[in-house]
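Participant: First, the structure itself, so that you have it in front of you.
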Amino acid sequence: MIHSASHFPRRFLALLLAAVMLLGMAACGQGEENPADGGHVDYAAAVSLDMQSETLKQEVTVHAYVDGDTTHFNVPESVMPGGVLKARYLAVNTPESTGKVEEWGKAASNFTREKLAGAASILIESDDTRWNADSTGGRYLVWVWYKPAGADTWRNLNLELLQEGLAIASNSANNRYGETCMAAINQAKAELLHVYSKEKDPNFPYGEAAELTLKELRCHIADYDNTKVAFEGVVTKNNSNTAYVEEYDAETGLYYGMTVYYGYALNGTGLQILSVGNRVRIVGTVQYYETGGSYQVSGLEYSPMRPTDPNNIQQLGEGFAPAYVKTSPADFHGEVTLTLEEESKTFPYAELALSTSLEMQDLQVVNVYTTTNEESSSKGAMTLTCQAADGSTVVVRTIVLYDADGTMVTADAYMGKTLTVRGLVDRFDGEYQIKVFSAKDITVQ
């Protein structure tokens with residue numbers, strides 16, 4: 001067959017253009033299109049882990065899940081003193097779920113947890129010839145690779161977060177996989193995925209309250225004075241129209257808590273939601289409690305006609321227990337330095353631990369004061385002044401306690417004895433103390 005001169009150049013140019021595009025994709029490591037997905041590219045599988053490259057590599061296991069772009073990994077002591085590397089994922093910035101909670105933040109966190117929890121192997125890689133710290137100095141910037149169960153090839157989790165639209169760019173072009181990162185971001189934008197979509201996050205409560213974590217609230221409590229907030233945690237105690245809620249934070253390894261005063265505003269299902277052992281979502285207003293000298297959350301609501309209203313308190317689970325963190329007197333009286341918003345800030349340990357549960361041992365009672373006011377509902381409550389083994393003083397405050405037979409417990413049960421105490425961190429008259437709600441929570445050693 002003879003082709004006309006006018007047709008040949010067009011076909012030749014078309015073939016040449018197609019060849020150039022295929023070569024370009026191969027050069028950038030972008031992989032092949034999947035026709036069934038309408039041209040969607042799986043960038044997480046498109047790049048290959050080069051075990052012969054100059055980058056540092058280490059197979060790891062998960063020590064703690066933090067959020068979408070931060071995970072703590074178990075590593076050899078030769079890699080990181082203490083055996084834990086706090087990894088910040090290169091090239092990605094997922095929405096927040098450990099401070100002020102943002103749309104798609106929990107989705108990103110759950111996505112990362114799901115992929116790593118189901119992985120047969122996990123490996124971290126540096127971007128160059130060393131482990132590089134981020135701006136906080138405490139986390140290290142890495143690529144995270146994993147092999148799904150039953151698979152024999154590595155997937156790049158950083159790129160997978162980008163292509164799923166669960167992260168925005170974070171110096172994404174300035175790294176060893178930069179071109180592929182940008183291609184993954186552009187594809188997620190074109191496909192309107194998650195953070196780039198016009199849809200609302202189905203798991204984000206769009207109420208008028210500020211969505212945050214107990215860590216964020218406790219570390220910035222004064223900033224939220226008279227602000228309506230929403231947070232999650234486990235109910236550890238419920239006494240005198242007050243619930244106590246605590247939540248563990250994997251990033252800092254600490255528990256954070258809050259006193260929640262509901263007064264007489266709740267009944268029926270609303271009260272049941274605040275039962276000890278329930279995991280709950282609290283919505284209320286932060287207020288300074290002058291008598292106790294500390295902040296609390298109040299103004300709770302529950303409407304049975306609108307159980308999913310984002311302004312309602314909600315039960316999220318059941319069967320949980322107080323942590324009762326074993327705490328030394330030195331830690332109780334000590335300080336903690338945290339990196340918050342890229343800056344270091346030092347707090348009294350007890351201030352951060354307010355309203356959380358703890359256990360303290362070897363407390364010798366050297367004095368007991370008993371409330372004797374006839375008109376007070378606290379008549380019979382005790383303040384135990386204890387000397388710890390290190391010579392420091394720890395104050396234990398009880399409500400009115402009764403033994404198994406219903407008899408009021410008095411000072412002679414504890415005076416001069418050495419105790420193990422379980423209670424909540426409390427503050428009274430400017431001093432931190434341990435508050436005990438049951439005689440079962442005090443053991444004479």
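Participant: Before we move on, is Thr129 hydroxyl-bearing (Ser, Thr, Tyr), touching a residue at least 60 places away in the same chain (Cβ under 8 Å) and not in a strand (DSSP E or B)?
Facilitator: For Thr129, the condition - hydroxyl-bearing (Ser, Thr, Tyr), touching a residue at least 60 places away in the same chain (Cβ under 8 Å) and not in a strand (DSSP E or B) - is met.
Participant: OK, next. Restricting attention to the range 384-394, and to residues there that are touching a residue at least 40 places away in the same chain (Cβ under 8 Å) and surrounded by 15 or more Cβ atoms within 10 Å (Cβ to Cβ), which single residue is nearest to the chain's Cα centre (by Cα)?
Facilitator: Val394
Participant: What number of residues in the range 428-445 are open to solvent by 40 Å² or more (accessible area, probe 1.4 Å) and at pLDDT 95 or above?
Facilitator: So the count comes out to 5.
Participant: On the given criteria, is Ser53 out of contact with any strand residue (DSSP E or B) (no Cβ under 9 Å at 6 or more places or on another chain), over 22 Å from Thr339 (Cα atoms) and among the polar types (S, T, N, Q)?
Facilitator: no
Participant: Is it the case, given these coordinates, that Val144 is open to solvent by less than 40 Å² (accessible area, probe 1.4 Å), farther than 30 Å from Gly277 by Cβ and not in a helix (DSSP H, G or I)?
Facilitator: yes
Participant: Could you figure out which of (1) over 33 Å from the mean Cα position of the chain (by Cα); (2) open to solvent by 40 Å² or more (accessible area, probe 1.4 Å) isn't true of Arg397?
Facilitator: Only one criterion is unmet by Arg397, namely (1).
Participant: Still on this structure, please answer the following. Looking for something open to solvent by 40 Å² or more (accessible area, probe 1.4 Å), within 30 Å of the chain's Cα centre (by Cα) and not acidic (Asp, Glu) - is there at least one such residue anywhere in the range 359-374?
Facilitator: Yes, there is a match, as at least one residue in the range 359-374 is open to solvent by 40 Å² or more (accessible area, probe 1.4 Å), within 30 Å of the chain's Cα centre (by Cα) and not acidic (Asp, Glu).
Participant: Does Tyr262 satisfy being more than 30 Å from Phe73 (Cβ to Cβ), of a type in the set (Phe, Trp, Tyr) and crowded, with 19+ Cβ neighbours inside 10 Å?
Facilitator: Criteria met by Tyr262.
Participant: Continuing with the same structure: Can you name every residue in the range 111-126 that is in contact (Cβ under 8 Å) with a residue 24 or more places away in the chain and among the acidic types (Asp, Glu)?
Facilitator: Within the range 111-126, just Glu125 meets the criteria.
Participant: Collect the residues in the range 62-92 that are open to solvent by 20 Å² or more (accessible area, probe 1.4 Å), in a strand (DSSP E or B) and over 20 Å from Lys215 (Cα atoms), keeping them in residue-number order.
Facilitator: Matches in the range 62-92: Val62, Asn74, Val84.
Participant: Quick check: anything in the range 349-359 of a type in the set (Phe, Trp, Tyr) and out of contact with any helix residue (DSSP H, G or I) (no Cβ under 6 Å at 6 or more places or on another chain)?
Facilitator: No, the range 349-359 contains no residue that is of a type in the set (Phe, Trp, Tyr) and out of contact with any helix residue (DSSP H, G or I) (no Cβ under 6 Å at 6 or more places or on another chain).
Participant: Of the conditions (1) assigned to a helix (DSSP H, G or I); (2) free of Cβ contacts under 8 Å to residues at least 40 places away in the same chain, Gln272 satisfies every one except a single condition; which number is it?
Facilitator: (2)
Participant: Return the only residue of Ser275, Ser378, Ser298, Ser294 being in contact with a Lys or Arg (Cβ under 6 Å, 6 or more places away or on another chain), on the phi < 0 side of the Ramachandran plot and open to solvent by less than 90 Å² (accessible area, probe 1.4 Å).
Facilitator: Exactly one residue qualifies, and that residue is Ser294.
Participant: From (1) surrounded by fewer than 21 Cβ atoms within 10 Å (Cβ to Cβ); (2) touching a helix residue (DSSP H, G or I) at 6+ places or on another chain (Cβ under 9 Å), pick out the condition that doesn't hold for Gly138.
Facilitator: With respect to (1) surrounded by fewer than 21 Cβ atoms within 10 Å (Cβ to Cβ); (2) touching a helix residue (DSSP H, G or I) at 6+ places or on another chain (Cβ under 9 Å), Gly138 is out only on (2).
Participant: Go through the range 48-61 residue by residue and tally those that are without any contact (Cβ under 8 Å) to a residue 12 or more places away in the chain, open to solvent by 50 Å² or more (accessible area, probe 1.4 Å) and among the polar types (S, T, N, Q).
Facilitator: Residues flagged as without any contact (Cβ under 8 Å) to a residue 12 or more places away in the chain, open to solvent by 50 Å² or more (accessible area, probe 1.4 Å) and among the polar types (S, T, N, Q) within the range 48-61 amount to 1.
Participant: Restricting attention to the range 81-105, which residues are of a type in the set (A, V, I, L, M) and without any contact (Cβ under 8 Å) to a residue 60 or more places away in the chain?
Facilitator: Within the range 81-105, Val84, Leu85, Ala87 meet the criteria.
Participant: Same structure, new question: In the range 100-124, what residues are open to solvent by 30 Å² or more (accessible area, probe 1.4 Å), farther than 22 Å from Lys198 by Cβ and not acidic (Asp, Glu)?
Facilitator: Lys100, Arg113, Lys115, Ala117, Gly118, Ala120, Ser121, listed by residue number.
The values are calculated or read from the model by the stated rules, or taken from the named source; none is laboratory data. Keep in mind that this is a model prediction, so the values were computed, not measured. Backbone-built Cβ (ideal geometry, glycine too); neighbour counts: all protein chains shown. Surface accessibility is based on the protein's heavy atoms, side chains included, excluding ligands, DNA and RNA. Shrake-Rupley method; radii C 1.70, N 1.55, O 1.52, S 1.80 Å.
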